[in-house]
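The values are calculated or read from the model by the stated rules, or taken from the named source; none is laboratory data. Small disclaimer: the values here were computed from a predicted structure and weren't measured. FYI the Cβ positions are ideal-geometry reconstructions off the backbone, even for glycines, and counts take in every protein chain you see.
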Ligand code: SF4
Ligand code: SF4
């Protein structure tokens, strides 16, 4: 790496030094209490996979260039130069963290390790060494936002086919209009993913409840956030926010995807509409009597995996449990759960990377938790989590079924 590039990266690091960032950089006492709160360290017990181990790579670079002691005595202590080797360390640190924030709730100073690793991700983007998979996916989403009109005809054709599937699931009603699009004045803008199931099951539920809804042109997932590029994250989220404003909807309902829910709900500022997860909306429809379930029809033991961004970072804990307790005769919570639930190992965009062996090892904590419940069905409410739970199932040859909560509801409507 040449000096010009190094200078550019130091400049980039300076742009990330907000007050909270300085607090997190300065405050760690190296007490080590966070070590075994991280599912990655649980499965691969190496210091570099502990929360503090990851953050130390960033702290040492910060110390070298931006702390007086590092500048005055560069050969003393534990400062680290920006070079190809430290960039590799940053890559491993940042993209082995799922941003689950389990370490944060156990740290005495509530140090936000993923926030701190935002510096690592910025440096990697500046060095053009961030994972290609995430860059390509983020750029694709940005491009779609810039030229959505070119995608509309093709998407409408896909939707016509999905309407037929919804019609069958609703008992053979006419398919036309079962998945409305561009409906100004709708109450709900539902935002799905690219998979058909992410639209069909919610459409069955929304139509059963008689909701006045419309489908977004965009996918909810935000690869800009996974990549750690704030500008791309904002652009991708704003595609949906602007669509919601143009249609004048009262509520934006996000498919089962934890990060896609957390960004518009908590990170994009106040909006003229409410943001809800599909899980909250299903719960509301049930409470209002708009839909009914075939209660206690599932007799195999069922457990629930709290997606980190929906649970610990989103506050949605009770709604999925109440839905599952209605559906299943034998619902068993994992231990620990809710705020302290173990991450499955698939968040932070990690499921999009070529790292299956790593994810199987880092999914060991989740595997142990599931086995301890004796459950035969594991339900979750995040596409990433379910993908990772399937990887864990294959990796440990588990005799369990992984299910989406929305799918389970759509299959068991009375
Ligand atoms: S628990 Fe907090 S203070 Fe202690 S080592 Fe971990 S990050 Fe640092
Ligand atoms: S946020 Fe999660 S994955 Fe990242 S260091 Fe903390 S516990 Fe580990």
Q) Can residue 191 be described as under 25 Å from residue 232 (Cβ atoms), modelled with pLDDT of 95 or more, buried (at least 17 other Cβ atoms within 10 Å of the Cβ) and assigned by TED's automatic domain parsing to the domain that holds residue 247? A) yes
Q | Candidates 105, 58 - the one that is loosely packed, with under 15 Cβ neighbours inside 10 Å, in a helix (DSSP H, G or I), within 16 Å of ligand 2 (Cβ to nearest atom) and in contact (Cβ under 8 Å) with a residue 40 or more places away in the chain | A | 105
Q.
With the requirement that a residue be in contact (Cβ under 8 Å) with a residue 40 or more places away in the chain, within 24 Å of the chain's Cα centre (by Cα), surrounded by 16 or more Cβ atoms within 10 Å (Cβ to Cβ) and not in a loop (DSSP other than H, G, I, E, B), what does the range 317-346 give you?
A. 319, 320, 323, 324
Q) Across the range 35-55, which residue is surrounded by the most Cβ atoms within 10 Å (Cβ to Cβ) among those that are more than 10 Å from ligand 1 (Cβ to nearest atom) and either under 16 Å from residue 101 (Cβ atoms) or within 21 Å of the chain's Cα centre (by Cα) (or both)? A) 40
Q | residue 141 being assigned to a helix (DSSP H, G or I), closer than 30 Å to residue 104 by Cβ, assigned by TED's automatic domain parsing to the domain that holds residue 231 and within 26 Å of the chain's Cα centre (by Cα) | A | yes
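Residues 303, 299: which one is farther than 18 Å from residue 209 by Cα, in contact (Cβ under 8 Å) with a residue 12 or more places away in the chain, loosely packed, with under 13 Cβ neighbours inside 10 Å and touching a strand residue (DSSP E or B) at 6+ places or on another chain (Cβ under 9 Å)? Can you show your working first?
Numbers: 303 fails: loosely packed, with under 13 Cβ neighbours inside 10 Å.
That would be 299, the only listed residue that is farther than 18 Å from residue 209 by Cα, in contact (Cβ under 8 Å) with a residue 12 or more places away in the chain, loosely packed, with under 13 Cβ neighbours inside 10 Å and touching a strand residue (DSSP E or B) at 6+ places or on another chain (Cβ under 9 Å).
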(Q) Here are the criteria: (1) surrounded by fewer than 24 Cβ atoms within 10 Å (Cβ to Cβ); (2) touching a helix residue (DSSP H, G or I) at 6+ places or on another chain (Cβ under 6 Å). Tell me which single one residue 242 does not satisfy. (A) (2)
Q. What do you reckon, is residue 10 away from ligand 2 (no atom under 12 Å from the Cβ), modelled with pLDDT of 95 or more and in contact with a helix residue (DSSP H, G or I) (Cβ under 7 Å, 6 or more places away or on another chain)?
A. yes
Q) Taking the range 381-402, which residues are surrounded by fewer than 18 Cβ atoms within 10 Å (Cβ to Cβ) and part of a strand (DSSP E or B)? A) 401
Q. Out of all the residues in the range 16-28, is one or more modelled with pLDDT under 95, within 13 Å of ligand 1 (Cβ to nearest atom) and not in a helix (DSSP H, G or I)?
A. yes
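Residue 237: touching a strand residue (DSSP E or B) at 6+ places or on another chain (Cβ under 9 Å) and modelled with pLDDT of 95 or more, yes or no? Explain how you work it out, then say what you get.
Details: touching a strand residue (DSSP E or B) at 6+ places or on another chain (Cβ under 9 Å): no; modelled with pLDDT of 95 or more: yes.
Spelling it out, it is not the case that residue 237 is touching a strand residue (DSSP E or B) at 6+ places or on another chain (Cβ under 9 Å) and modelled with pLDDT of 95 or more.
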(Q) Criterion first (at positive phi, modelled with pLDDT under 95, away from ligand 1 (no atom under 13 Å from the Cβ) and outside the structural domain of residue 226 (by TED's automatic domain parsing)) does residue 32 satisfy it? (A) no
Q.
Name the residue that is surrounded by the fewest Cβ atoms within 10 Å (Cβ to Cβ), counting only residues in the range 119-129 that are touching a helix residue (DSSP H, G or I) at 6+ places or on another chain (Cβ under 7 Å) and farther than 23 Å from residue 24 by Cα.
A. 129
